[in-house]
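Q: Can you read through this structure? Questions will come right after.
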Amino acid sequence: MSHFCLLADPGKYAISDVDLIGDAEARRYWLGLFENHFTDTLAAAKIAYGQSSAEQIENANRQFGETIASLRADPRPVGSLGNMRLGVVELCRFREKALRDNGLGDPFRHIKQREDISAIEAYPNVISHIASLPVEQRWERLIRGVFAGNIFDLGSTITMGYAEDRVDFAATIERIKPRPWAVDDFDSLEAILPTSAVSAAPWAKAVVFVDNTGVDFILGVMPFVRELAAHGSQIVLAANELPSLNDVTADEADKILQQLADVDEDLASYISAGLFEIVSTGNGIPLIDLAEVSDELNEAAADADLVILEGMGRSIESNFNTEFTVDSIQLCLLKDPTIAARVGGEVFDCVCMYRSGTRD
Ligand code: MG
């Protein structure tokens, strides 16, 4: 594990997380949020792991409850993560540790599976609708699709309900806020994106940090990166090593890609042409600290000329100010009022941030 190789200044890189030691108000907010959310997580774990898991659930509840109580009393982190930082990253790690220590590492797996099945069913229609649009009109639709997919997030109590409903992706896209978005660099992006079927994408290789499985990955991200691949970009899908909330893991992404290729000849041909690669980031939380990524990711990213960070956790929450040597695009739907406030937005606002690389 080492720094992500496309960081503009690895020595100065710091994850843009909140300081929960210095900021008492933020600490109260996030400890309360994690405490409440853990109750929902354990309710899901009970379904995922069945009645025989009652003791594991009780132990996980005690372990995480004690962590929260001790951080309320003294916010300097305790136990095996005993550094002097406390941010949302550390809270995520404490939560995942309480789950994994008790054999409950994938508490939303049944919801993930159900969502994947229904998103895969919906995929052919989504793809053929996009194909029916003129090329120059596809990009905004594809980015709105990424936003709509990103609503399906079990990390936020505000959006949890979406994952429990039946997937109605077309209706969700309709509800996405119109432009201008909270951060809206779409005009400068659109200016360089291909406008005809024969024109090439401006990037040879994109590393795409993906977020949630189901609708997010299958109906949001895949149609977008598939269109880039259609214009010649090589796509590296960078996914978590371990399950966390409803994030897609690298192993899961691999299986899903095969299933999509079975119903999508063009995608199958891009895969055969070597345009798709899946790597594990080495990460096991819904945010990402780019000071610690896998060697596998760095090998795949070494010759990339675009970084895409998708999802609120990996983009705004942990890498809002991160500069890369190459172009970067950050896309997400904002699902937490305090994170939305960082970009002057509100919950359900959208972020389409595009920055040129420092190498240029
Ligand atoms: Mg997520």
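FYI, it's all coordinate maths here, none of it is from the lab. Values in this document were obtained by computation on a predicted structure and should not be read as measured data. Positions of Cβ are backbone-derived with ideal geometry, glycine not excepted, and every protein chain shown enters the neighbour counts.
Q: Rounded to the nearest 5, what % of the DSSP beta bridges within the stretch 273-358 are antiparallel ones?
A: 55
Q: Which value at 222 nm does the chain reach when only helices count, each DSSP H run of 4 or more adding -39,500 (n - 2.57), with the total divided by all residues and rounded to the nearest 500 deg cm²/dmol?
A: It lands at -14000 deg cm²/dmol.
Q: Among all the lysines, which ones have a C-alpha under 16 Å from residue 46's C-alpha, if same-chain residues fewer than 8 places away are not counted?
A: Output for residue 46: 112.
Q: Let me know the shape class of the stretch 115-155, please: from the alpha-carbon gyration tensor, a ≥ b ≥ c as square roots of the eigenvalues, rounded when a/c is under 1.5, otherwise prolate if a/b is greater than b/c, or oblate.
A: oblate
Q: Report, for the chain, the % of DSSP beta bridges that are antiparallel, rounded to 5.
A: 30
Q: Classify the stretch 167-294: rounded, prolate or oblate, from the alpha-carbon gyration tensor (a ≥ b ≥ c, eigenvalue square roots; a/c under 1.5 rounded; otherwise prolate if a/b is larger than b/c)?
A: Rounded, since a/c falls under 1.5.
Q: Now for a different question. What shape does the stretch 15-101 take by its C-alpha gyration tensor, where a ≥ b ≥ c are the square roots of the eigenvalues and a/c under 1.5 counts as rounded, a/b above b/c as prolate, and the rest as oblate?
A: prolate
Q: Using the crude model of +1 on Lys and Arg Cβ and -1 on Asp and Glu Cβ, and no other charge, please compute the dipole size for the chain relative to its Cα centre, in debye to 20.
A: For the chain, the charge dipole is close to 680 debye.
Q: Arrange 210, 263, 347 by Cβ neighbour counts within 10 Å, fewest through most, would you?
A: 263, 347, 210
Q: Which aspartates and glutamates have a Cα less than 12 Å from the Cα of residue 177, not counting those fewer than 8 places away in the same chain?
A: 346, 349
Q: Could you tell me the center-to-center distance, by alpha carbons, between the stretch 176-208 and the stretch 28-44 in angstrom?
A: With the stretch 176-208 and the stretch 28-44 each reduced to a Cα centre, they are spaced 36 Å.
Q: Rounded to a whole number, what is D in µm²/s for the stretch 109-355 from Stokes-Einstein with the Kirkwood radius over alpha-carbon pairs (10 °C, 1.306 mPa s)?
A: 90
Q: Something else: Tell me, what ³J(HN,Hα) does each residue in the stretch 342-351 have, in order and in whole Hz, if you take phi through Karplus 6.51 cos²θ - 1.76 cosθ + 1.60 with θ = phi - 60° and put x for Gly and Pro?
A: 3J(HN,Hα) across the stretch 342-351, in whole Hz: 4, 10, x, x, 10, 4, 6, 6, 10, 10.
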